[in-house]
Amino acid sequence: MNEYAPEYSKKERVMILLKHSVWAIPLFLWAQFWFLPWIKAFADQSHCYDYGVMTGTEALFYGLFVGMPLSLVLLVLLIEGPRTIKIIRLGQNPLPGEKVLKPTKYQYGTRAKLKPYGLMIILVLLVALSVRGIFWANDIIAMAEQADLPECEPTILLER
């Protein structure tokens, strides 16, 4: 058996780059020109919003300290989870028939499982960070409620 995994050809590499550019560039532009300005404006007036079960400030800080780490965990699990489980089961990295971008020797046994186990440890730590984030968010929300906040615009008050 060949000790190196098969590599992508130049044409395949260009196609991978183009395929990922199709979603990554619009996502970047959306985040840069719509989402980030919107979240900044929302953060400035978050105390003015009330959604029934939580205020805008609570939604902002729970989303930041709890939602973002959990979203990252879910995204990584969706993308890398099945591959990671296969590597742990087979004890081989890269997987049989999997192409790579640079010359990569096959690894077997415990050595092949180190990176997948490391990824799982990082994901568990992110979940723990998310749990800790609940307490950080509570502390910051309590401080924000005591702070002298700017007046709400009349149109925002109508939404309450």
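The values are calculated or read from the model by the stated rules, or taken from the named source; none is laboratory data. Being a predicted model, the structure only gives us computed values, none of them experimental. Heads up, the Cβs are rebuilt from the backbone with ideal geometry, glycines too, and the neighbour counts pull from every protein chain shown. For the accessible areas, the whole protein counts, side chains as well, though only heavy atoms, and no ligand, DNA or RNA atoms are used. Shrake-Rupley method; radii C 1.70, N 1.55, O 1.52, S 1.80 Å.
Within segment 117-142, the set of residues being of a type in the set (G, A, S) and at pLDDT 95 or above comprises G118, A128, S130, G133, A137.
From the list L17, L77, L60, L70, which residue is closer than 18 Å to A137 by Cβ, open to solvent by 60 Å² or more (accessible area, probe 1.4 Å) and part of a helix (DSSP H, G or I)?
Values: L17 fails: closer than 18 Å to A137 by Cβ; L77 fails: closer than 18 Å to A137 by Cβ; L60 fails: open to solvent by 60 Å² or more (accessible area, probe 1.4 Å).
Only one candidate passes the filter, namely L70.
Based on this model, can you work out whether G52 counts as surrounded by fewer than 10 Cβ atoms within 10 Å (Cβ to Cβ) and either in contact (Cβ under 8 Å) with a residue 12 or more places away in the chain or in a strand (DSSP E or B) (or both)? Step through it out loud before you land on a result.
Values: surrounded by fewer than 10 Cβ atoms within 10 Å (Cβ to Cβ): yes; either in contact (Cβ under 8 Å) with a residue 12 or more places away in the chain or in a strand (DSSP E or B) (or both): no.
Judged against the criteria, G52 is not a match.
Among residues of segment 40-49 being open to solvent by less than 40 Å² (accessible area, probe 1.4 Å) and free of Cβ contacts under 8 Å to residues at least 24 places away in the same chain, the one that is nearest to M143 (Cα to Cα) is S46.
Within segment 82-98, residues that are closer than 14 Å to T110 by Cα and without any contact (Cβ under 8 Å) to a residue 24 or more places away in the chain reach partners that are polar (S, T, N, Q) and not in a helix (DSSP H, G or I) with beta carbons closer than 6 Å, at six or more positions or on different chains, in the pairs N93/Q107.
On the given criteria, is L101 at pLDDT 95 or above and among the aliphatic types (A, V, I, L, M)? For L101, the condition - at pLDDT 95 or above and among the aliphatic types (A, V, I, L, M) - is not met. Taking each residue of segment 99-124 that is closer than 14 Å to E3 by Cβ and looking for partners that are open to solvent by less than 100 Å² (accessible area, probe 1.4 Å) and polar (S, T, N, Q) with beta-carbon atoms closer than 7 Å, six or more apart or interchain, yields Y106/Q92; Q107/N93; Y108/Q92; A112/Q92; A112/N93.
Here the condition is being of a type in the set (D, E, K, R) and within 22 Å of the chain's Cα centre (by Cα); of E58, E12, it holds for E58 alone.
Of all residues in segment 95-120, which are in a helix (DSSP H, G or I) and open to solvent by 100 Å² or more (accessible area, probe 1.4 Å)? Talk me through it step by step, then tell me what you get.
Of the residues in segment 95-120, the ones in a helix (DSSP H, G or I) are 110-120.
Selection gives T110, R111, L114, K115, Y117.
A quick yes/no check of all residues on (1) exposed (fewer than 12 other Cβ atoms within 10 Å of the Cβ); (2) at pLDDT 95 or above; (3) out of contact with any helix residue (DSSP H, G or I) (no Cβ under 6 Å at 6 or more places or on another chain); (4) among the charged types (D, E, K, R):
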{"site": "K10", "(1), (2), (3), (4)": "yes, yes, yes, yes"}
{"site": "S21", "(1), (2), (3), (4)": "yes, yes, yes, no"}
{"site": "W30", "(1), (2), (3), (4)": "yes, yes, yes, no"}
{"site": "W38", "(1), (2), (3), (4)": "yes, no, yes, no"}
